[in-house]
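Everything on this sheet refers to the single structure shown next.
The values are calculated or read from the model by the stated rules, or taken from the named source; none is laboratory data. From a predicted model like this one, the values you see are computed outputs, not experimental measurements. Don't worry about glycine lacking a Cβ; one is built from the backbone with ideal geometry, like all the others, and counts go over all protein chains shown.
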Amino acid sequence: MEGREQWGTRAGFVLAAIGSAVGLGNIWRFPYVAYENGGGAFLIPYLFALLTAGIPLLIMEFTIGQKYRGSAPLSYARLNKKAEWIGWWQVAISFVISTFYAVIIAWAISYTYFSFRQTWGSNPTDFLLNDFLQIVDPGQLGSFVPTIFIPLLIVWVIALGVLFKGVKKGIEFANRIFIPLLVVMFLILVIRAVTLDGAMVGLDAFFKPNWEEIMNPAVWVAAYGQIFFSLSIGFAIMITYSSYLPRKSDLNNNAFITGFSNSSFEILAGIGVFAIIGFMATQQGTSVDEVAADGIALAFMVFPEIINSFPGLNGLFGALFFGSLVMAGLTSLVSIIETYVSALQDKFKITRTKAVAIGGGLSALISILYATQGGLWLLDTVDYFINHFGVALAGLVSVIAVAWFMRKLPDLQKHTNELSDFRVGLWWKICLGVITPLVLGFMLYQNLILNLTSNYEGYPTYFIIIAGWTVAILAIVIGFLFTIFKWKNNKNSSDDLGGF
Ligand code: PFF
């Protein structure tokens with residue numbers, strides 16, 4: 001334990017937590033989810049989810065990490081020896097996510113470069129699929145696509161470079177640069193967006209409240225789903241980051257700052273993205289609904305088209321958008337890789353350099369699988385399954401374990417309240433012990449039924465079984481397997497684990 005690295009400043013920790021939370025999900029997922037689920041009316045379930053699940057869980061993860069001062073597996077092991085596997089499960093999930101998240105950032109790097117000359121030409125969708133990704137049918141891998149290698153290599157060099165440098169000189173320093181830069185770039189983008197012709201049409205569509213939707217359970221599930229993903233909870237990330245906090249740290253306040261900053265960025269992204277979509281719809285004489293999209297389609301198909309029809313400085317605008325994706329993505333990628341770097345260090349008592357080289361190196365190698373002609377399908381499937389049956393399920397299991405099996409909420413509450421300016425009360429335990437498990441359980445049940453009765457995106461069954469179910473199940477199995485190894489850390493030998 002002595003010698004555990006520490007953040008240089010409180011702001012450094014908060015910035016890193018925000019850097020993890022603000023990711024691709026904020027820019028390309030939130031705007032569309034809100035639009036599809038009641039527009040302005042969505043803000044009510046969304047804020048409700050933030051206050052009843054997002055921030056309470058964030059406080060729980062911050063407290064576990066800070067109190068037990070370990071990576072997710074070590075912290076869970078110190079909570080209770082039998083819980084170690086939950087930590088490894090979350091770490092395994094994070095490992096899988098890092099393998100494809102890096103690839104999306106690599107695409108965004110290429111597109112930042114393409115923006116200047118609009119290399120994608122007059123048909124960006126055709127360019128993306130046929131020229132850039134050289135796509136083959138779903139379920140096949142095809143051969144490697146060398147052009148994706150180069151930006152992918154850049155992503156890994158930056159991310160692992162930051163991690164080699166450590167918590168303070170690497171992660172904290174990088175977030176101090178990337179986050180302000182991201183905010184400035186994104187603000188310029190949003191200001192330009194809202195002054196475009198037709199921006200109001202888009203904003204109107206985005207904010208127009210559809211009140212009936214509030215009665216629809218699916219809308220509430222979407223709100224909770226967005227909050228969980230967006231705040232990086234259930235990923236082992238927040239436990240890892242808070243394990244580097246000093247003994248005296250205000251946890252509750254930090255959780256509120258992180259939660260509200262993340263949501264502010266999300267709403268800002270909604271405004272920017274829908275203003276731009278309104279512009280496009282007006283240009284084409286179609287409706288906002290025709291243009292609106294999310295994820296890969298929004299970023300790599302719709303946006304290039306919008307950039308093509310921009311009234312001026314097209315290249316700059318494109319670079320601001322894709323550059324923002326790169327910045328937001330890199331800070332999240334760094335946070336997710338740190339989960340296994342830290343876990344490997346704790347468990348096997350190896351140096352940071354070794355842990356980064358082994359963990360990061362392996363993830364980088366696996367990421368090459370997505371730099372193939374069928375990489376897009378693989379990425380889409382792994383992403384969907386690991387989020388729906390990995391992150392969400394591990395999140396559910398962790399709150400049930402902490403709240404019901406180990407009954408640790410009172411201890412954690414006492415710990416965080418002693419350190420924090422304002423205290424959390426009974427509401428906190430109700431949110432974690434009752435509301436969160438109910439909503440997450442319902443969400444999982446629905447998704448399970450949906451995916452057992454139909455193939456995600458209609459992909460071939462063998463492919464869904466391998467890239468979807470197997471990967472999600474493997475994460476649990478690997479979680480268990482890692483608990484078999486003995487803790488190499490003599491000071492924290494397994495006898496010591498419960499002694500905190
Ligand atoms: N909060 C992140 C986002 O909104 O994109 C979620 C995340 C995804 C974090 C992938 C880290 C990561 F590697």
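Can you find, within the range 327-354, the residue that is farthest from the ligand (Cβ to nearest atom) among those that are of a type in the set (Val, Ile, Thr) and assigned to a helix (DSSP H, G or I)? Lay out the reasoning, then the answer.
Here is the first cut: in the range 327-354, the ones of a type in the set (Val, Ile, Thr) are 331, 334, 336-337, 339, 341, 350-351, 353.
Checking which are assigned to a helix (DSSP H, G or I) leaves us with 331, 334, 336-337, 339, 341, 353.
Values: Thr331: 9, Val334: 8, Ile336: 3, Ile337: 8, Thr339: 9, Val341: 13, Thr353: 22 Å.
Applying the filter and picking the extreme gives Thr353.
Report the residue count in the range 344-385 for those that are more than 23 Å from Leu128 (Cβ to Cβ), touching a residue at least 24 places away in the same chain (Cβ under 8 Å) and charged (D, E, K, R).
Qualifying residue count, the range 344-385: 4.
Mind counting the residues in the range 108-123 that are crowded, with 24+ Cβ neighbours inside 10 Å and not in a helix (DSSP H, G or I)?
Selection size over the range 108-123: 1.
Kindly evaluate Ala293 against the criterion of being more than 21 Å from Ile158 (Cβ to Cβ), touching a residue at least 24 places away in the same chain (Cβ under 8 Å) and in a loop (DSSP other than H, G, I, E, B). If you could, list the steps in order and put the result at the bottom.
Values: more than 21 Å from Ile158 (Cβ to Cβ): yes; touching a residue at least 24 places away in the same chain (Cβ under 8 Å): yes; in a loop (DSSP other than H, G, I, E, B): yes.
For Ala293, the condition - more than 21 Å from Ile158 (Cβ to Cβ), touching a residue at least 24 places away in the same chain (Cβ under 8 Å) and in a loop (DSSP other than H, G, I, E, B) - is met.
So Gly272 fits all but one of (1) more than 16 Å from the ligand (Cβ to nearest atom); (2) crowded, with 19+ Cβ neighbours inside 10 Å; (3) at pLDDT below 95; (4) under 30 Å from Pro56 (Cα atoms); what number is the exception?
Condition not satisfied by Gly272: (1).
Can you tell me which residues in the range 96-125 are within 21 Å of Gly329 (Cα to Cα), among the polar types (S, T, N, Q) and in contact (Cβ under 8 Å) with a residue 60 or more places away in the chain? First the steps, then the outcome.
Residues of the range 96-125 that are within 21 Å of Gly329 (Cα to Cα), as a first pass: 96-116.
Cutting the leftovers down to among the polar types (S, T, N, Q) gives us 98-99, 110, 112, 115.
The answer is Ser98, Thr99, Thr112, Ser115.
With the requirement that a residue be out of contact with any strand residue (DSSP E or B) (no Cβ under 9 Å at 6 or more places or on another chain) and surrounded by 19 or more Cβ atoms within 10 Å (Cβ to Cβ), what does the range 139-157 give you?
Matches in the range 139-157: Pro151, Leu152, Val155, Trp156.
Would it be correct to say that Gln90 is touching a Ser or Thr at 6+ places or on another chain (Cβ under 8 Å) and more than 19 Å from Gly323 (Cβ to Cβ)? Please lay out each step first, then the result.
Values: touching a Ser or Thr at 6+ places or on another chain (Cβ under 8 Å): yes; more than 19 Å from Gly323 (Cβ to Cβ): yes.
Considered against the rule, which asks whether it is touching a Ser or Thr at 6+ places or on another chain (Cβ under 8 Å) and more than 19 Å from Gly323 (Cβ to Cβ), Gln90 comes out as yes.
Could you list, in sequence order, all residues of the range 205-264 that are aliphatic (A, V, I, L, M), within 16 Å of the ligand (Cβ to nearest atom) and not in a helix (DSSP H, G or I)?
Keep residues of the range 205-264 that are aliphatic (A, V, I, L, M), which gives 205, 214-215, 218-219, 221-223, 227, 231, 233, 236-239, 245, 251, 255, 257.
Right, trim to within 16 Å of the ligand (Cβ to nearest atom) and you get 222-223, 227, 231, 233, 236-239, 255, 257.
Within the range 205-264, Leu231, Ile233, Ala236 meet the criteria.
Looking at Ala401, Ala364 in this structure, which one is surrounded by 20 or more Cβ atoms within 10 Å (Cβ to Cβ) and either over 25 Å from the mean Cα position of the chain (by Cα) or at pLDDT 95 or above (or both)? Break it down into steps so the answer makes sense when it comes.
Details: Ala401 fails: surrounded by 20 or more Cβ atoms within 10 Å (Cβ to Cβ).
Within the list Ala401, Ala364, the selection yields Ala364.
Filter the range 114-146 down to the residues that are within 13 Å of Tyr370 (Cα to Cα) and among the polar types (S, T, N, Q) and list them by number.
Selection gives Gln134, Gln140, Ser143.
Across the range 24-62, what is the number of residues that are of a type outside the set (Phe, Trp, Tyr), over 17 Å from Ala223 (Cβ atoms) and at pLDDT 95 or above?
The total comes to 3.
Pairs needed: first member in the range 422-437, among the charged types (D, E, K, R); second member anywhere, part of a helix (DSSP H, G or I); C-beta distance under 8 Å; at least 6 residues apart or different chains.
If the second residue must be part of a helix (DSSP H, G or I), the pairs left are Arg423/Asn252; Arg423/Asn417; Lys429/Ala403; Lys429/Leu409; Lys429/Pro410; Lys429/Gln413.
Does Leu320 satisfy being closer than 14 Å to Gly23 by Cβ and in contact with a helix residue (DSSP H, G or I) (Cβ under 7 Å, 6 or more places away or on another chain)?
On the way: closer than 14 Å to Gly23 by Cβ: no; in contact with a helix residue (DSSP H, G or I) (Cβ under 7 Å, 6 or more places away or on another chain): yes.
Taking the combined requirement at face value, the residue does not satisfy it.
So if I check each of Gly25, Gly8, Gly39, Gly12, which one is within 16 Å of the ligand (Cβ to nearest atom), touching a residue at least 60 places away in the same chain (Cβ under 8 Å) and under 30 Å from Gly323 (Cβ atoms)?
Matching residue, one of Gly25, Gly8, Gly39, Gly12: Gly25.
Could you grab me the full set of residues in the range 453-464 that are surrounded by 13 or more Cβ atoms within 10 Å (Cβ to Cβ) and assigned to a helix (DSSP H, G or I)?
Kept after step one, since they are surrounded by 13 or more Cβ atoms within 10 Å (Cβ to Cβ), are these residues of the range 453-464: 455-456, 459-460, 463-464.
Selection gives Tyr456, Phe463, Ile464.
Look through Ile59, Ile105, Ile64, Ile55 and report the one residue that is within 12 Å of the ligand (Cβ to nearest atom) and either in a helix (DSSP H, G or I) or under 19 Å from the mean Cα position of the chain (by Cα) (or both). Steps first, answer last, please.
On the way: Ile59 fails: within 12 Å of the ligand (Cβ to nearest atom); Ile64 fails: within 12 Å of the ligand (Cβ to nearest atom); Ile55 fails: within 12 Å of the ligand (Cβ to nearest atom).
Residue meeting the stated conditions: Ile105.
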